Amino acid sequence: MRRFFFSVLLLAAPFLTTSAQDFTFGQFSLEELDLKKYDRDTTANAVVLREFGTARISSGDDTPLIFTHHVRIKIFNRKGFEQGNVVIPTYKSSNDRFETVSKIKAVTIGKDKDGNITKTPLDLKLVYEENKNKHWDHVKFALPNLSEGCVIEYSYEMQSPYIFNFKGWVFQWDIPKVRSEYIAEIPAVYNYNAILKGALKLTSNKAELLKECFSPGGGLKADCSKMTYVMENVPALVEEDYMTAAKNFRSAISYELVDYTDYKGYKRKVTQEWKDIDYELKKDFNFGAQIKKTDLFKERLVPVLQGAGDELSKAMAVYTYIQKWYKWNNMRSAYSDEGIKKAFDRHSGNSGDINLSLLAALGAAGLDADAVLLSTRDNGLINKLYPVLSDFNYVVAKVNIGDKSYLLDATDPLLPFGLLPIRCINDQGRVVSLNKPSYWTDLKASQKESKVYSMELKLEETGKIRGTITGYSMGYEAYNKRVAIRKFNSTEEYVENMDEKMPKIKVVKFDIRNIDSLQNPLVETYEVEIDAYDNLNKQQISFNPYFINPMEENPFKLSSRSYPVDWGAPSDIRVHVNLSYPESFEPLIQPANVGLALPDGGGRYMAGVERVGNQLTISQMTQLNKSIYEPDEYPALKELFNKIVQTQKSEVIFKKK
């Protein structure tokens, strides 16, 4: 992902005269209405014909930020109807400080059954507001009378008191755009860092000087820089499996206030340095003050630490204690909500409550532990050039023992010590200590997603295959298995559900070990009976040796991908099958041997069949040695998965002699 940073300053570039202006609302062309497809992307369900937006800081005592958005969209088919469901997020920090939306206009332009042009305006009574959470509301409306081939258009104005984050603009959506234009008018008294991210380049970027366009008060006047950004022929960002937050890769521009000049002429710094943030976090009631509450745990940990002779044993005991004490309320936060004492008494809290409690308990046990602020995968990447605390939405613990460090998240009772959930594996986190300067640390998976299946099977004269399947799951695979098992009331229900999904396979007996021993591999043993007769030919036996978790289709379908494939962790999957058969049968068809490797040791897939006497040995190995594969590695990765899907459809076919 590309990111370009620059400051918006009045004298940073020569100013040009521009003539950018909004397009007329509701004024369409027959060419737009008769358009059958978008030539640059014939698969598109809809296309933005034109989009225009502005943002400016108004003069006056309140100086609100005023943002306007106007867009016209062509809908080709019913799948494009979702573009008619408009959601406008608005932020609120208190009951008297919030964003508002007004001047909503919307219309659907189409044709009736006789070919006459129709215009159906939005009934403003159908606009409604939905409360999402403590800080966000959604203003919603749906365009009326949608039909295939129609054109929809809407516009609105938003007023915001939050000038710290000047309103940004998203050039790239999940549908293509013919043209997207954005104008930002920024008074000279405000100095913003502008961030242009994404893989696409601006078609044009022009600046214009507006004389005395802004009055901050006290009779003072200030000039403004009028920045016009245009992007044309913008391709859709198609989301695919194994990616972090889409906003990491969408072409967009955003702003952050660095400093401003007040009406007395004094420059006020807004963007802080990390040393300032460190100091504030240590003093913050909902953060540093909670980590210091070691007295809450000192007496409680006495029985917990009995028998723990070294620091690692103590850390594991404290981690398990906090894990079992709390139930996570599924709310993500880097801060405690009302203090860890209240959360502790309730046995429940957000991620901040639980992991700040873990840090306080580790401190009470005399262990060296620091907080790690991070942004989860779905929250997006962090801007590391300058501190933006609002980028962080999660906190975990980092405990230092000898020359090793362990990252801990106690929100999930099924996570083993030292294994972060995949949601937290997202580039880097900021380590915040109570007695040292903060610093960045990599957020990497400490273990692979690893599983091994061993099968000892025997084909009988009756056409049944009987035998034993033993599976060993480690790392993230063991965690995922434990989560899947705990969704059921018992292991019996889990196995019954699994049995129902494999109609030709019957589980006769099973044993699952180490469900609660989180540091050990999860071991599953199944005695199975497989009905292998071909329904159409009783003289033939067919058996697919790749029936354990087969890949039904390739998750990678794009011709090219502009963002990385991010698994979160490397993986290693191995399957070994020994299948013996009686003298009365002979193999008629068996899977071909396959071997395919990714460049630069990135991974490989191997599958092979060996026949010795009356036994077939079938092996399969899938190794992905990297957590992240860059866009230029996508074609090879896609081909590897094509080969896996193709191979796993292969069968062994026996025929009676």
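The values are calculated or read from the model by the stated rules, or taken from the named source; none is laboratory data. Note that the structure is predicted; figures quoted are calculated from it, not measured. Note that we place each Cβ from the backbone using ideal geometry, even for glycine, and neighbour counts take in every protein chain shown. When the accessible area is computed, the model is the full protein with side chains, heavy atoms only, and any ligands, DNA or RNA have been set aside. Shrake-Rupley method; radii C 1.70, N 1.55, O 1.52, S 1.80 Å.
Number of residues in segment 468-487 that are of a type outside the set (F, W, Y), open to solvent by 20 Å² or more (accessible area, probe 1.4 Å) and in contact with a strand residue (DSSP E or B) (Cβ under 7 Å, 6 or more places away or on another chain) equals 4.
Of all strands (runs of 3 or more DSSP E) completely enclosed by segment 58-170, which ones contain at least 2 residues that are under 25 Å from V230 (Cβ atoms), touching an Asp or Glu at 6+ places or on another chain (Cβ under 6 Å) and open to solvent by less than 40 Å² (accessible area, probe 1.4 Å)?
On the way: elements: 65-75, 85-94, 100-111, 117-121, 128-131, 136-142, 151-160.
Counting at least 2 such residues, we get 65-75, 151-160.
Can you name the residue in segment 606-642 that is touching a Leu at 6+ places or on another chain (Cβ under 6 Å) and farther than 30 Å from Q539 by Cα and is also surrounded by the fewest Cβ atoms within 10 Å (Cβ to Cβ) among such residues? Taking the candidates together, the pick is A636.
Just name the residue that is nearest to the chain's Cα centre (by Cα) out of those in segment 416-439 that are part of a strand (DSSP E or B) and buried (at least 23 other Cβ atoms within 10 Å of the Cβ).
Start the filter on segment 416-439 by keeping residues that are part of a strand (DSSP E or B), which leaves 428-432, 439.
Among the residues that remain, those that are also buried (at least 23 other Cβ atoms within 10 Å of the Cβ) are: 429-430, 432.
Values: G429: 16, R430: 19, V432: 24 Å.
Per the stated criteria, the residue is G429.
For segment 595-605, a residue qualifies if it is open to solvent by 30 Å² or more (accessible area, probe 1.4 Å) and hydrophobic (A, V, I, L, M, F, W, C), and the qualifying residues are L596, A597.
Matching residues to (1) under 24 Å from Y255 (Cα atoms); (2) among the polar types (S, T, N, Q); (3) assigned to a helix (DSSP H, G or I); (4) touching a Pro at 6+ places or on another chain (Cβ under 7 Å):
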site	(1), (2), (3), (4)
Q27	no, yes, no, no
E31	no, no, yes, no
K37	no, no, no, no
T42	no, yes, no, no
L49	no, no, no, no
R56	yes, no, no, no
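Name the residue that is modelled with the lowest pLDDT, counting only residues in segment 426-470 that are among the β-branched types (V, I, T) and over 17 Å from R377 (Cβ atoms). Going through the qualifying residues, I end up with T462.
Residues that are of a type in the set (S, T, N, Q), under 23 Å from the mean Cα position of the chain (by Cα), part of a helix (DSSP H, G or I) and closer than 25 Å to N400 by Cα within segment 326-380 comprise S351, N355, listed in sequence order. Taking segment 295-315, which residues are open to solvent by less than 30 Å² (accessible area, probe 1.4 Å) and either at positive phi or in contact (Cβ under 8 Å) with a residue 40 or more places away in the chain (or both)? Answer for segment 295-315, where residues must be open to solvent by less than 30 Å² (accessible area, probe 1.4 Å) and either at positive phi or in contact (Cβ under 8 Å) with a residue 40 or more places away in the chain (or both): L296, F297, L301, A315. Has segment 354-361 got any residue that is surrounded by fewer than 20 Cβ atoms within 10 Å (Cβ to Cβ) and over 20 Å from K436 (Cα atoms)? No; the residues of segment 354-361 include none that is surrounded by fewer than 20 Cβ atoms within 10 Å (Cβ to Cβ) and over 20 Å from K436 (Cα atoms).
Only one entry of V528, V523, V507 meets the criterion of being in contact with a strand residue (DSSP E or B) (Cβ under 7 Å, 6 or more places away or on another chain), open to solvent by less than 40 Å² (accessible area, probe 1.4 Å) and free of Cβ contacts under 8 Å to residues at least 24 places away in the same chain, and that entry is V507. Could you please find all residues in segment 171-198 being of a type in the set (A, V, I, L, M), closer than 13 Å to A55 by Cβ and buried (at least 22 other Cβ atoms within 10 Å of the Cβ)? Hits for segment 171-198 are I183, A184, I186. Taking first residues from segment 46-60 that are over 19 Å from V189 (Cβ atoms) and partners that are of a type in the set (D, E), the Cβ contacts under 7 Å between residues at least 6 apart in sequence or on separate chains come to L49/E32; E51/E181; F52/D22; F52/E181. Tell me, please, whether a residue that is polar (S, T, N, Q) and within 41 Å of the chain's Cα centre (by Cα) can be found in segment 594-615. No: segment 594-615 contains no residue that is polar (S, T, N, Q) and within 41 Å of the chain's Cα centre (by Cα).
Taking the criterion of being in a helix (DSSP H, G or I), open to solvent by less than 40 Å² (accessible area, probe 1.4 Å) and closer than 19 Å to S542 by Cβ, the residues of segment 643-652 that qualify are V645, T647. When residues in segment 217-260 are screened for being touching a Phe, Trp or Tyr at 6+ places or on another chain (Cβ under 9 Å), among the β-branched types (V, I, T) and open to solvent by 40 Å² or more (accessible area, probe 1.4 Å), 0 of them pass. For segment 316-353, a residue qualifies if it is open to solvent by less than 10 Å² (accessible area, probe 1.4 Å) and closer than 28 Å to H135 by Cα, and the qualifying residues are A334, S336, G339, I340, A343, F344, G349, S351, G352, D353.
List the number of the failed condition for F5; all other conditions in (1) of a type in the set (F, W, Y); (2) open to solvent by less than 60 Å² (accessible area, probe 1.4 Å); (3) modelled with pLDDT under 85 hold. In the conditions (1) of a type in the set (F, W, Y); (2) open to solvent by less than 60 Å² (accessible area, probe 1.4 Å); (3) modelled with pLDDT under 85, F5 misses (2) alone.
Scanning segment 194-214 for residues that are in a strand (DSSP E or B) and touching a Leu at 6+ places or on another chain (Cβ under 8 Å) gives L196, K206, A207, E208, L209.
Among the numbered conditions (1) assigned to a strand (DSSP E or B); (2) buried (at least 19 other Cβ atoms within 10 Å of the Cβ), the only one that I512 does not meet is (2).
Could we say that L373 is under 16 Å from L443 (Cα atoms) and in contact with a strand residue (DSSP E or B) (Cβ under 7 Å, 6 or more places away or on another chain) here? Yes: the conditions hold for L373. Identify all residues within segment 440-467 that are open to solvent by 30 Å² or more (accessible area, probe 1.4 Å), among the β-branched types (V, I, T) and outside any loop (DSSP other than H, G, I, E, B); write none if there are none. Of everything in segment 440-467, just one residue is open to solvent by 30 Å² or more (accessible area, probe 1.4 Å), among the β-branched types (V, I, T) and outside any loop (DSSP other than H, G, I, E, B), namely V452.
A single member of G366, G402 is in contact with an Asp or Glu (Cβ under 9 Å, 6 or more places away or on another chain), surrounded by fewer than 17 Cβ atoms within 10 Å (Cβ to Cβ) and free of Cβ contacts under 8 Å to residues at least 60 places away in the same chain, and it is G366.
Listed here are the residues, each with its yes/no results for (1) of a type in the set (G, A, S); (2) in contact (Cβ under 8 Å) with a residue 40 or more places away in the chain.
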position: S180; (1), (2): yes, yes
position: P187; (1), (2): no, yes
position: K206; (1), (2): no, yes
position: K211; (1), (2): no, no
position: K221; (1), (2): no, no
position: S225; (1), (2): yes, yes
position: N233; (1), (2): no, yes
